[in-house]
Protein chains: 4
Amino acid sequence: MARRTAPRVAVLGAAGYAGAVASALLHRHPHFELAHVTARSDAGVPLADVHPRTRVPLVLEEYDPERHADVDAAVVAYPHGAAAPVVAGLRERGVRVVDLSADFRLHDRAVYEDWYGDHGAPALLGGAVYGLPELHRDEIAGADLVANPGCYPTAAILALAPLARAGLLGDVVIDAKSGVSGAGREPTHDKHFVSVDETVTPYKVGRHRHTPEIEQELGGVRVTFTPHLVPLAHGELVSCYVTATREEDVAGLYADAYDDEPWVEVVEGPPGMQEVRETNYCRISVHGDDRTGRIIVFATIDNLWKGTSSQAVQNLNLMFGRDESEGL
Amino acid sequence: MARRTAPRVAVLGAAGYAGAVASALLHRHPHFELAHVTARSDAGVPLADVHPRTRVPLVLEEYDPERHADVDAAVVAYPHGAAAPVVAGLRERGVRVVDLSADFRLHDRAVYEDWYGDHGAPALLGGAVYGLPELHRDEIAGADLVANPGCYPTAAILALAPLARAGLLGDVVIDAKSGVSGAGREPTHDKHFVSVDETVTPYKVGRHRHTPEIEQELGGVRVTFTPHLVPLAHGELVSCYVTATREEDVAGLYADAYDDEPWVEVVEGPPGMQEVRETNYCRISVHGDDRTGRIIVFATIDNLWKGTSSQAVQNLNLMFGRDESEGL
Amino acid sequence: MARRTAPRVAVLGAAGYAGAVASALLHRHPHFELAHVTARSDAGVPLADVHPRTRVPLVLEEYDPERHADVDAAVVAYPHGAAAPVVAGLRERGVRVVDLSADFRLHDRAVYEDWYGDHGAPALLGGAVYGLPELHRDEIAGADLVANPGCYPTAAILALAPLARAGLLGDVVIDAKSGVSGAGREPTHDKHFVSVDETVTPYKVGRHRHTPEIEQELGGVRVTFTPHLVPLAHGELVSCYVTATREEDVAGLYADAYDDEPWVEVVEGPPGMQEVRETNYCRISVHGDDRTGRIIVFATIDNLWKGTSSQAVQNLNLMFGRDESEGL
Amino acid sequence: MARRTAPRVAVLGAAGYAGAVASALLHRHPHFELAHVTARSDAGVPLADVHPRTRVPLVLEEYDPERHADVDAAVVAYPHGAAAPVVAGLRERGVRVVDLSADFRLHDRAVYEDWYGDHGAPALLGGAVYGLPELHRDEIAGADLVANPGCYPTAAILALAPLARAGLLGDVVIDAKSGVSGAGREPTHDKHFVSVDETVTPYKVGRHRHTPEIEQELGGVRVTFTPHLVPLAHGELVSCYVTATREEDVAGLYADAYDDEPWVEVVEGPPGMQEVRETNYCRISVHGDDRTGRIIVFATIDNLWKGTSSQAVQNLNLMFGRDESEGL
C-alpha cells in the first residue's frame, strides 16, 4: 500500500513578514510539504537571505500560475485587492486557499466596497469561510477558501465573542496596541526606528479597515476601534470596554467558551504579551469595573502568529483533516 | 535700592525621579535659588551621583525641619500619606508648598479616604488649590499650598476639560499608556527591563487612584480609567473616548480653551509623545468618529515634566508672581 | 520487551531565567521527563505563575536532597559558590549533573580562587568536563558532571577557537554586548527599565569573571574582555579583535571547524542576533581588516539558550546517548 | 549708538536630523538669528511639520544661492560630496560656513579621495579648520570655514587625544555603539524598527569613512574602528582599547586635558549615555586593565548634539567671538 504523500503547499508573498512566518511553519510542519515560496520584489533570492530566521532552503520565485499552482493548497500573503484575482485563479485550478488579505473576510460585498473599494472576485465571497477556528471550526474543515482574519480582529473577536453570543454587548470601545511588524515590512518614515522609539502613536482613528470585520463577527454591533503603534516588534494587545446590557456571570461565559480551546488561555492576571510571542496562543483576561458597571476585556496575541500565520496553519490543519495544533 | 533676593526653595524627596527633575529645573531657574535637596535613602550622597543628568552640585541630606525649613517654598516629592504631615509642618513655619503627592488634591475628604485611607492633615484640605494652571491659574497665584496634579490627571483633564465645561461628557473611557518612570524608581520585578520590554501591560484595572482626581476636575462625571505600562522611559498618552451628550463645534471649544495657553498645543496629526519629551508641553488632538458618534481625544505629556515637575515649577512661578513659563 | 523509561531530570533553581528555560525545554523534550522544579524564593508557587511562557505544570518546591535526588540527572541553576556543595551531594547520590554555575568550569583551582574565592568542592574539579559540545563532544558524552559554559565564553570561544587551534591568536580584545536577562532576574537599580533604556553601559571593566574561562579554553592566551549592557531582553554579541601571529586562510579554518556543526552558522553578512533568539544556534561572521592586519570575528547567541539552557540540554542529550539536537 | 544686530545664519539641509537640531538651537539662540532653513525634499513645508520638536516657525525652501546667501554664516548639512560645491559658492559670497559633511575634514586630498572619491572643491581644503573646539579652539575662532567633525570621531578623538599627545598610543581598537539617528532619516530596511529592535549589528567593518579622520587627529596612528547599531534613537558610545607604549600617569593626562573644558566630563563610573542626551557634553571614563596592560577609555556623546549640531553651534560661537557655550 502506498504511503500517503504530504499535501504540497505554496506560500505566495513570502518575502513579507507574514509570508515568511507561514513559510517557516510549513517548512518544519510534520504533515505538509512547502513546495514554493514566491515574491515579486526579491525573486531569485533565497528566502533565508531575506529572512534568515526562517532557515527555509527555498529560493523566492516570481509567481507563475503555470508553474506554482501544482499544489494542494496555497497561503496567499498579498495586499488587499491584489489577492482576489490570484485567489480566483488558484481556485479555478482546484487549489485550496488560505488568504491572509481582507478580500474574502466580509460576507457583504457592499460593506467590503465601502471600506476597500471594488472587489476583484465577488463570485467567491459566498463560499469563503472566516478563518477563526474558535468560532467557525466546522465550516473551516469543509472549506476550500478560508479568509484568515486580520490580526486586530483575531484578538478583538476572541475577547468579545462570549459577550456577543450572550447578547451583552451594549456599547464597545476597543483600544488596540500593536508592535511595528503589524504595519508591514516596507520601509517608511513612520516605521523608522527613530519615529517609533519612545512614543505611542494612534493611527487611522475612526477608519481602520479591521473595523467592519470585528462588527460582522460580533453580530453587527457598532464598535469604536483605535489602533496605536507601540515601540516593540511583534505582539498586540486589545483593551475592550463594554457597557453590558444586563448583569450576567461573565466569568462563566468565558469558561464555557474557552475551557476546551487549545489556543485560548483565560487568565486572572495581566494578559502577558511576552507569553504569546511566537506562539499560536491568545491570552484573555476579564475585569469588572464596579464603579461604572463596565466590563473590561484584554486579549493579547502575536500579530504575526495567531494574528496571521500560525492561525493560517491552524486553518490548513483543519482543512486537511489533521489535528488543528499540528506543527504549532 | 537693594536687589530683591531670589526666593529660596527646598526639594524634599529629591532622590526620586520627580524630585530630581524638580531640583534640576530649580537649580538652573533664573529666579529661584535651590537651597536644599533632601532624601531618606541616599542622604550624604551628591544628588549628581544619583542623578548625574541633573548636574546639581548639592548633597542630599536627611530632611530636618529645623534646618531645611529656612526657605520661602518647598516642593515635596513624598509618597501619598507621607507627604501630609511634612507639608503641615512646613505650612506652620510659613513655607509655601507645592506638594507632588495626592494628599491635597481631592477637596472631599471622604473621597480621599475611600481611595487612600486616613488623611494626615485634613485641616489643610480646604486651603489647597489643585495645581493645573490651565484650569486654576488665578487661585494658584494666591495659594500657599498647591496640590500638583497626578501625571495621568494632567493629561486627561486637559484633554477633556473643554468638553466638560460645555456639558458634553456623557460617557467616558480613558485608556492611558505610560512610560516606566511613572511607576517610580524603586526596583521591582515589574519594572525590570526584561519584564517591560516587548510588552504592554494594563495595571490597577478599575482601581487606579488617579481616577477620583480626574472625576473631580471634570465636574463629577464617572470615568473608566485604565493605565497601561509601555516599553519606554518617560512620556504618557491618554486616549479618551467620549459619547457626547449633543452635537457641538468641538474644534471651536478646543480653540477657545487653548489658543492662548503657552503650554498646550492642539494639533491635527498624531499627538506626538517625542515632541513633549523633557518639555512642559501638553499636545492634544481631537477626532470625531462619525460612525459611532464618539469624540476621541488624545493628549500626551512627559509624565515627569508637565505631568509632575515642570508643572510644579510653573505653579511656583505663578505663586511668586513670575511669568509662568520662566525657567521652563 | 519493556519500553525504556525516559530519564528523569530535576531542575534546581528553576525560578531564575536560566532555570525556567531549562525547565521548559525539558518539559517538552521527547526523551526526558521533567521530574522536579525547585526554587528557594517561590517555593509553593506553580512555575507557570512565575514564568507563564514556560507552560510547565509543576509547582516549585524548596530543594530537599531526600526527595528531589530520585532522578537520573539534574540541571543546577544556582549562583556561583552555592552550586558546588549541592552538586557534590547530587553526585554522591549518583545523579548526573549539568551545572550552570562557574564552580566547575575552571580546571585550575588556583585560578578559580583568584576570581571567585574559596571553592566548595575541589575534589570534583578533576572530573568535570567543560560543556561546550563543539570543543569537547566526546568527553561530555562520557561525563557525569558537566560544567556548562558561561554565556559570554560560549560566544567568545566559538568565535575564536579556530584561530586558537591554528596558533594565530596574538593579541585579543573582546568587546561584548548583552541583553539584560544576562544579569539575572533580581530587581536592582541597574536593571530598572529606565536605567537600561536608551543607553549602553560597560560594566566590570577588566574584571568580569568570564575572563579566565575564555582564556582556559583558548589555550591560555590573555584577553581583554569588556561586557556592555544594551537595551534588549536577551541576545548577546561578541566582537573579537585579533592581531594574527601570521597570514593564514582564515575562512578555511572556520569552514573546517564548523561546516559539520549542527548549531554553528558561519555567515557572510552581519551575525544576526534576531536569527538566534530562542534557538541553540551560534552565528559567526569573520572579517579581515586589511589596513591594520587585524582579524575581526563576531559571534552571536541567545544568552539564555545556547549561552545557558539549550546548551545544557544539548549536553544532557550527549550524556544520555541521544542525538545532541533532540528537543532543541 | 546703534545696537549690534545679531548675525544671520542659514541652515541648509534642515529636513534631516542634524539640520533640524541645528535649526532648533539657532532659533532659540540669544545671539544668532535663524534666517533661512532649506531642504530639497520637503520644500514648502513648515520645518515644524517635519520636525515638530524643533518648534521653528520657518518654512523649508529649496536652496537658492541668490536668495539664501544673504547671511553672515551658514550651517551646511548636506551629504558628503554634495556639500563641497555649495560650500564653495557660499564662501565666494563671503558667507562663513560650518560644514557638517566630511568634505573639508581631511587635510590630505589623497586620503579624502581614497575614502570618498573625487573632491568637489579642493582649493578650500587648505583653509578649512577641523571643528573640534577642545583641540583647535584658536584656529576655529579665526576660521571662515570649519569642518565639523563626524560623530564617531568627536567621541573617539576626545577619548584618545590625551594619550595621543603624550605619545602613548601603541595599538588602537575602537568599538563603537550608536543609536539609529546616526544613520540618517531616509527610511531603509536596516532602519525599520523591526530590523533594529532586540539586536546589535556591526556595519561597515574595516571600512567606515570616519576612520581617516580619527587617524588624522590622533597624529597618524592606525586604528581599527568598528561601529555597531544599537536599539536606541540617539546617543553614541566608543569603547577604546589601547596598548600603551609605556607606563604613565594616565589620570593626570586626562585631568590636564579636560579639567577646564566646559563640555567634557571625566567621570569614575560608567560614562552615562543618558546623561549627555540632548546636551553638548562628552563624558569620558578611563580604566586600566592590569592583567593585560591595556588602557580602556569610554566616551559618550549625543551623536546629533556634541556629535554634530550643538558642536556646530559651539563652533559658530567661537567664530563670532561669543562665549562658546552660549545657547547650548
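The values are calculated or read from the model by the stated rules, or taken from the named source; none is laboratory data. Since the model is a prediction, treat every value here as computed from it, not as a measurement. For neighbour counting, all protein chains shown are included, and Cβ atoms are generated from backbone atoms with ideal geometry for every residue, glycine included.
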Worksheet entry | Hits in segment B:178-202 - residues which are charged (D, E, K, R) and either crowded, with 24+ Cβ neighbours inside 10 Å or without any contact (Cβ under 8 Å) to a residue 60 or more places away in the chain (or both) | B:186, B:190, B:191, B:197, B:198
Discussion item. Condition first: within 12 Å of chain D (Cβ to nearest Cβ) and charged (D, E, K, R). Now tell me which residues in segment C:203-214 satisfy that.
Written reply: C:204, C:207
Item to complete: Give the residue, chosen from A:14, A:20, A:48, that is within 14 Å of chain C (Cβ to nearest Cβ), crowded, with 24+ Cβ neighbours inside 10 Å, aliphatic (A, V, I, L, M) and under 26 Å from residue C:328 (Cα atoms).
Response: A:20
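List the helices (runs of 4 or more DSSP H) inside segment D:1-120, counting only whole elements, that have at least 3 residues being within 22 Å of the chain's Cα centre (by Cα) and either modelled with pLDDT under 95 or within 30 Å of residue C:291 (Cβ to Cβ) (or both).
Result: D:83-92, D:109-116.
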Item to complete: Give just the number: which of (1) of a type in the set (A, V, I, L, M, F, W, C); (2) assigned to a strand (DSSP E or B); (3) out of contact with any Pro (no Cβ under 7 Å at 6 or more places or on another chain) does residue C:205 not satisfy?
Response: (2)
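Residue by residue, here is whether (1) in contact (Cβ under 8 Å) with a residue 60 or more places away in the chain; (2) over 26 Å from residue D:210 (Cβ atoms); (3) of a type outside the set (Ser, Thr, Tyr) holds:
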{"site": "D:22", "(1), (2), (3)": "yes, no, yes"}
{"site": "D:26", "(1), (2), (3)": "yes, no, yes"}
{"site": "D:31", "(1), (2), (3)": "yes, yes, yes"}
{"site": "D:49", "(1), (2), (3)": "no, yes, yes"}
{"site": "D:52", "(1), (2), (3)": "no, yes, yes"}
{"site": "D:72", "(1), (2), (3)": "yes, yes, yes"}
{"site": "D:81", "(1), (2), (3)": "no, no, yes"}
{"site": "D:87", "(1), (2), (3)": "no, no, yes"}
Practice prompt. Scan segment B:172-197 residue by residue and report those that are acidic (Asp, Glu) and either on the phi > 0 side of the Ramachandran plot or in contact with a His (Cβ under 9 Å, 6 or more places away or on another chain) (or both).
Written response: B:175, B:186
Worksheet entry | Residue that is farthest from the other protein chains (Cβ to nearest Cβ), among those in segment B:127-172 that are acidic (Asp, Glu), in contact with a strand residue (DSSP E or B) (Cβ under 8 Å, 6 or more places away or on another chain) and not in a loop (DSSP other than H, G, I, E, B) | B:139
Practice prompt. Name, by its number, the condition in (1) within 9 Å of chain A (Cβ to nearest Cβ); (2) at pLDDT 95 or above that does not hold for residue B:181.
Written response: (1)
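When segment D:186-202 is examined, which residues are found to be within 7 Å of another protein chain (Cβ to nearest Cβ), in contact with a helix residue (DSSP H, G or I) (Cβ under 8 Å, 6 or more places away or on another chain) and either closer than 28 Å to residue D:241 by Cβ or not in a strand (DSSP E or B) (or both)?
Initially, segment D:186-202 is screened for residues within 7 Å of another protein chain (Cβ to nearest Cβ), giving D:187-189, D:191-194, D:196-202.
Add one more test, that the residue is in contact with a helix residue (DSSP H, G or I) (Cβ under 8 Å, 6 or more places away or on another chain), and what stays is D:187, D:189, D:191-194, D:196-201.
Of everything in segment D:186-202, those that are within 7 Å of another protein chain (Cβ to nearest Cβ), in contact with a helix residue (DSSP H, G or I) (Cβ under 8 Å, 6 or more places away or on another chain) and either closer than 28 Å to residue D:241 by Cβ or not in a strand (DSSP E or B) (or both) turn out to be D:187, D:189, D:191, D:193, D:194, D:196, D:197, D:198, D:199, D:200, D:201.
Could you tell me how many of the residues in segment C:284-315 are of a type outside the set (Gly, Ala, Ser) and touching a strand residue (DSSP E or B) at 6+ places or on another chain (Cβ under 6 Å)?
We begin by selecting, within segment C:284-315, every residue of a type outside the set (Gly, Ala, Ser); these are C:284, C:286-287, C:289-292, C:294-298, C:300-306, C:308, C:311, C:313-315.
The next check asks that each one be touching a strand residue (DSSP E or B) at 6+ places or on another chain (Cβ under 6 Å); those that pass are C:284, C:286-287, C:289, C:292, C:294-298, C:300-301, C:303, C:306, C:315.
The number of residues fulfilling the criteria is 15.
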Worksheet item: List pairs: first in segment D:207-228 and farther than 13 Å from residue D:153 by Cβ, second of a type in the set (Val, Ile, Thr) and in a loop (DSSP other than H, G, I, E, B), Cβ under 7 Å, 6+ apart or cross-chain?
Response: D:222/C:292; D:224/C:292; D:226/D:205; D:228/D:200
Worksheet item: Restricting attention to segment D:35-49, which residues are of a type outside the set (D, E, K, R) and in contact with an Asp or Glu (Cβ under 9 Å, 6 or more places away or on another chain)?
Response: D:35, D:36, D:37, D:38, D:39, D:43, D:44
Practice prompt. State yes or no: is residue C:175 buried (at least 21 other Cβ atoms within 10 Å of the Cβ), of a type in the set (Asp, Glu), within 14 Å of chain D (Cβ to nearest Cβ) and over 17 Å from the mean Cα position of the chain (by Cα)?
Written response: yes
Fill in: Residue in segment B:71-80 that is among the charged types (D, E, K, R) and over 22 Å from residue B:26 (Cα atoms) present
no
Worksheet entry | Residue match in segment D:211-233 (condition: among the aromatic types (Phe, Trp, Tyr) and farther than 20 Å from residue A:196 by Cα) | yes
